[in-house]
Amino acid sequence: QVQLAESGGGLVQAGGSLRLSCAASGRTFSTKAMGWFRQAPGKEREFVAAITWSGSTRYYAESLKDRFTISRDNAKNTVSLQMNSLKPEDTAVYYCAQRNISVAATTALDYDYWGQGTQVTVTS
């Protein structure tokens, strides 16, 4: 069973930055695609970013691609999300997710394992 644990969330002023990390258990992390999603109060969970097993291909929500960067360290079983120029509308719970295959996806239903989420609050 894969376990995912997010960290790095918190309270930040608009214009600031945060770096989220997700630590994954299991021996097969390096062969699996990973993704980040977020869910704001009263809204559906939405795609943020995804990365293939090797890190060679990355996908972003169109509205976030200029401010957010996804990366992974297969030696440490971690995936990260660097968020810059944060805006109040970025406030949400951010979730790390893992697929059972190496190809990344942008739909939540395509992911098999989820972390508990980490709260990001951006104040104006």
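The values are calculated or read from the model by the stated rules, or taken from the named source; none is laboratory data. What you are looking at is a predicted structure, and each value in this text was computed from that prediction instead of being measured. Note that each Cβ is placed from the backbone with ideal geometry, even for glycine, and that neighbours are counted across all protein chains shown. Surface areas here come from the heavy atoms of the whole protein model, side chains and all, with no ligands, DNA or RNA. Shrake-Rupley method; radii C 1.70, N 1.55, O 1.52, S 1.80 Å.
For region 9-27: of the residues being polar (S, T, N, Q) and under 15 Å from the mean Cα position of the chain (by Cα), which is farthest from Asn74 (Cα to Cα)?
Restricting to residues being polar (S, T, N, Q) and under 15 Å from the mean Cα position of the chain (by Cα), the top hit is Ser17.
How many residues are under 17 Å from Val103 (Cα atoms), touching a Ser or Thr at 6+ places or on another chain (Cβ under 9 Å) and either assigned to a loop (DSSP other than H, G, I, E, B) or not small (Gly, Ala, Ser) (or both) when one looks only at region 15-32?
Of the residues in region 15-32, 3 are under 17 Å from Val103 (Cα atoms), touching a Ser or Thr at 6+ places or on another chain (Cβ under 9 Å) and either assigned to a loop (DSSP other than H, G, I, E, B) or not small (Gly, Ala, Ser) (or both).
Please give the number of the condition Leu109 fails out of (1) in contact with a strand residue (DSSP E or B) (Cβ under 8 Å, 6 or more places away or on another chain); (2) at pLDDT 95 or above; (3) more than 20 Å from Thr123 (Cβ to Cβ).
Failing condition for Leu109: (1).
Would you mind stating whether Pro88 is within 30 Å of Ser124 (Cβ to Cβ), modelled with pLDDT under 95 and not acidic (Asp, Glu)?
For Pro88, the condition - within 30 Å of Ser124 (Cβ to Cβ), modelled with pLDDT under 95 and not acidic (Asp, Glu) - is not met.
Which of (1) touching a residue at least 24 places away in the same chain (Cβ under 8 Å); (2) in a loop (DSSP other than H, G, I, E, B) is the odd one out, the single condition Asp66 does not satisfy?
If we test Asp66 against (1) touching a residue at least 24 places away in the same chain (Cβ under 8 Å); (2) in a loop (DSSP other than H, G, I, E, B), just (1) comes out false.
Would you say Asp66 is surrounded by fewer than 18 Cβ atoms within 10 Å (Cβ to Cβ), over 11 Å from the mean Cα position of the chain (by Cα) and modelled with pLDDT of 95 or more?
Yes: the conditions hold for Asp66.
Select from region 43-59 the residues that are open to solvent by 60 Å² or more (accessible area, probe 1.4 Å) and either in a strand (DSSP E or B) or not acidic (Asp, Glu) (or both) and list them in ascending order.
Lys43, Arg45, Glu46, Trp53, Ser56, Arg58, Tyr59
Within region 14-42, which residues are open to solvent by 20 Å² or more (accessible area, probe 1.4 Å) and of a type in the set (A, V, I, L, M)?
Within region 14-42, Ala14, Leu18, Ala23, Ala40 meet the criteria.
Restricting to region 34-63, give me the number of residues that are in contact with a strand residue (DSSP E or B) (Cβ under 7 Å, 6 or more places away or on another chain) and at pLDDT below 95.
Residues flagged as in contact with a strand residue (DSSP E or B) (Cβ under 7 Å, 6 or more places away or on another chain) and at pLDDT below 95 within region 34-63 amount to 1.
Return the only residue of Leu11, Leu81 being in contact (Cβ under 8 Å) with a residue 24 or more places away in the chain and either assigned to a loop (DSSP other than H, G, I, E, B) or crowded, with 19+ Cβ neighbours inside 10 Å (or both).
None of the other options fit; the residue is Leu81.
Across region 87-124, what is the total count of residues that are among the hydrophobic types (A, V, I, L, M, F, W, C), in a strand (DSSP E or B) and open to solvent by 70 Å² or more (accessible area, probe 1.4 Å)?
1
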